[in-house]
């Protein structure tokens, strides 16, 4: 589909919601009614259930760093100093010969040999409201359903792993809670558990009046009661109910995740919002959470782009370089896929407010970790950074690439949504081989 | 256009023609349902539910809460042969019945979009006076605004016309919901083209329904939710995304006759002229909503007949005869078509009397069966599909709230406040409305997601495990159940009373022993009893309607 058509499709006001587009042939419903509930906890509703079983055993994890509003590629991964649109910042040498990045990211320049960078990203949407979900859903072909965000998709495909913690945690500034919207047609249970402002989710703390021994004792009583009830009954409901209690319990037993951070870590990651959240993200990964999204806001620099990036970039630079090195030192980088990206890049043209606007035509995405080739830079923009030269990649290609890095065969694995098989990534896209080991 | 309209009309007439077998005159609906269930299977049936299980189930379904201990002893102790029927009849007259029904229908119709005091009053009053389903729907579409009891009914429409987020006014969503909730057809996917999988869901049907609501708006001159209509001057134009040809349609029910949009000159376009003084909008001479209200909810509309019986069946039996509930069409036939058509026909014959329908369903053996299938165990899903065993259901957030308050003996702490909207507060709530906010935040589905599937969540578990509110109910004090139980010195009696209070049944010997041991081993008796109350509140048996 060419971009023009895609744009038209996106502009149409659609009514369909996750509950829609069910294929209602009874024999198929029989399958999904069972898989819907039996799959509780993550692994139902795939056309290939055996794949799901296998993936649930995988120890691979994801750290997804979402730079909301649009990081300028020109002030970060793809600088064009001394050109028409280059802006005031210089570029600096990285640990990769011949590869230079903006001077605003000196720490990242020192770990460039660990990263894979694609400077040839071209996507469709140039508005936040449509771009943020479109990109995080992998912009699949329109089949009249709302696709899950990457985190919900991984939660569904790979389950919660061995930690029994919720599989998709979103560390962000602002409010926390249970964000079901990300899950799309997978249904609310694959939504994100959001940790807002570093605060624990509501009701996570044991009441003051209850000791840990008391808590264990009352849960033993509850489990005893559950066993008494179970005999002769359909296990489906009870198991689903027990699963959420177990997840809650696992979360409660990890209070340390929300404790005050180690001062040394704070110094390493940065004493600011993003540093704090990246640190929480690392702890979540350490605790075994399958997918962690760390969110940074405020990058929409339509005005005063250069001062904006001068203040934002160092925080990103420090937290990003710190977490990559930290994961490597802890031996976790080999099993953790790390991605840093926005919903689009920013216009090369500098507007009347000394800002840069939205630019999906030519921007950059960086990644590292499991399955990803290290020290590789692909894709190229023209001299002024306005368009991608030669081959470009769309978000669908990246979804295929990331699934491949996680050991998920995205060309064959399909969701089963009420009887309708749905590819997990755009069917016209494919993995980017140069980025994969 | 004529071609299109004709073909659709014909298809619809054939598709949904009711072929109800005519029952023997003396046979009541509930007996016929049981006969049809028994005829359709050779499998083994579960026993009838025990008095305890039946009592809890019927209380949850008709009063919205578990029975009080005295209800348990009275019912089980009664030796009347007809005690189940007598109980059903008593609870259908219980003062909690309108509350329970208003909660059930509010969730079904509003799908957690929010609430409004006038709407709530309308629903409660409707079930108090046993307003029939056709009248209920008619009133929702076109309330008599002079009648105080009907004023809130417009909320169904106004709430859906409110903007949320950055979305434009969702007229298509409103049209779709009228199809889904009142006729059991989800035409949303036929908005832009004929439905891709479902032959009889035509774009012209969606657009015909859409034409009824495109000219509606929220009135700003009333103190309660109300709808006004702009003048419809010409038929609606539409086009399939797959074709070039333009079509037009006036308002039309799926399968029905298209209304011709008349041409009026400016002088005559209003039946009641707008009043600039009071800012009341006029009533157009051509009034699509009036037509919708007088033709949709009638026995002449087979889709209307069938929709609610299937929905009520699903809410009492755990799944619809047609499932999903808004997917009535040829490729998705009912599991038990004769039951469905018989129920629909009789419901219409009884003038859409909802109370009658509930009574008939609850009198069936199918409803009164046990949720335990002794053997063979592996067969339980098949047994459920054949209604040979009672299918477990989730408690709604409202049922759970009333039941938790009842079990903990804390109901009287919260005065009922029908007026005023409450918002979640950080301090402990003081009214039942505020308590309900907590339960909805912890257990309800997100807005616009039908609550038809069992979807427990971590947030609900954390609420039960750790919230200050739940602790304030189970911890000793304020004359709650824990305090009452503390007054009993004999441990066996404590456990007996605990089980009757929370689980509405006596403990088994194993349970008695286990819980008694816990009491003996615990150094602090008030804490021990609080934990026992909590454990039974949080166990599956309590959280499920079985």
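Overview of results
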quantity	calculated
Pairs with Cβ under 9 Å, 6+ apart, first in the range A:221-234 and more than 7 Å from chain B (Cβ to nearest Cβ), second in a loop (DSSP other than H, G, I, E, B) and buried (at least 17 other Cβ atoms within 10 Å of the Cβ)	A:223/B:539; A:231/B:372
Subset of the range A:174-186 (residues that are in contact with a helix residue (DSSP H, G or I) (Cβ under 8 Å, 6 or more places away or on another chain) and within 11 Å of chain B (Cβ to nearest Cβ))	A:177, A:178, A:180, A:183
Residue A:163 vs. criteria more than 11 Å from chain B (Cβ to nearest Cβ), closer than 30 Å to residue A:62 by Cα and assigned to a helix (DSSP H, G or I)	no
Scan of the range A:94-112 for residues that are touching a strand residue (DSSP E or B) at 6+ places or on another chain (Cβ under 6 Å) and surrounded by fewer than 19 Cβ atoms within 10 Å (Cβ to Cβ), ordered by number	A:100, A:103
From the options B:321, B:340, residue that is closer than 24 Å to residue B:199 by Cβ and within 16 Å of the chain's Cα centre (by Cα)	B:321
Per-region count, the range A:283-301, residues surrounded by fewer than 18 Cβ atoms within 10 Å (Cβ to Cβ) and either over 18 Å from the mean Cα position of the chain (by Cα) or within 18 Å of residue A:271 (Cα to Cα) (or both)	2
Residue within the range B:369-382 that is at pLDDT 95 or above and more than 14 Å from chain A (Cβ to nearest Cβ) present	no
Residue identified as in contact with a helix residue (DSSP H, G or I) (Cβ under 7 Å, 6 or more places away or on another chain) and under 23 Å from residue A:333 (Cα atoms) among A:171, A:145	A:171
Options B:232, B:246; residue that is in contact with a strand residue (DSSP E or B) (Cβ under 9 Å, 6 or more places away or on another chain) and over 22 Å from residue B:199 (Cα atoms)	B:232
Among (1) assigned to a helix (DSSP H, G or I); (2) under 24 Å from residue B:89 (Cα atoms); (3) within 11 Å of chain A (Cβ to nearest Cβ) - the single one residue B:391 does not satisfy	(1)
From B:319, B:335, B:298, residue being out of contact with any strand residue (DSSP E or B) (no Cβ under 6 Å at 6 or more places or on another chain), surrounded by fewer than 19 Cβ atoms within 10 Å (Cβ to Cβ) and within 14 Å of chain A (Cβ to nearest Cβ)	B:335
Scan of the range A:234-251 for residues that are surrounded by fewer than 20 Cβ atoms within 10 Å (Cβ to Cβ) and either over 30 Å from residue B:389 (Cα atoms) or in contact with a strand residue (DSSP E or B) (Cβ under 8 Å, 6 or more places away or on another chain) (or both), ordered by number	A:249, A:250
Hits in the range A:404-425 (condition: buried (at least 21 other Cβ atoms within 10 Å of the Cβ), within 22 Å of the chain's Cα centre (by Cα) and part of a loop (DSSP other than H, G, I, E, B))	A:406, A:408, A:410, A:424, A:425
Within the range B:174-268, strands (runs of 3 or more DSSP E) holding 3 or more residues that are touching a helix residue (DSSP H, G or I) at 6+ places or on another chain (Cβ under 8 Å) and either more than 27 Å from residue B:284 (Cα to Cα) or at pLDDT 90 or above (or both)	B:216-218
Listing of helices (runs of 4 or more DSSP H) fully contained in the range B:434-546 that carry 2 or more residues being at the interface with chain A (Cβ under 7 Å from one of its Cβ atoms) and touching a strand residue (DSSP E or B) at 6+ places or on another chain (Cβ under 8 Å)	B:458-466
Condition check for residue A:366: under 27 Å from residue A:428 (Cβ atoms) and touching a helix residue (DSSP H, G or I) at 6+ places or on another chain (Cβ under 9 Å)	yes
Answer from A:306, A:258, A:316 - the residue that is within 19 Å of residue A:106 (Cα to Cα), in contact with a helix residue (DSSP H, G or I) (Cβ under 9 Å, 6 or more places away or on another chain) and either at pLDDT below 95 or buried (at least 21 other Cβ atoms within 10 Å of the Cβ) (or both)	A:316
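The values are calculated or read from the model by the stated rules, or taken from the named source; none is laboratory data. Keep in mind that this is a model prediction, so the values were computed, not measured. Backbone-built Cβ (ideal geometry, glycine too); neighbour counts: all protein chains shown.
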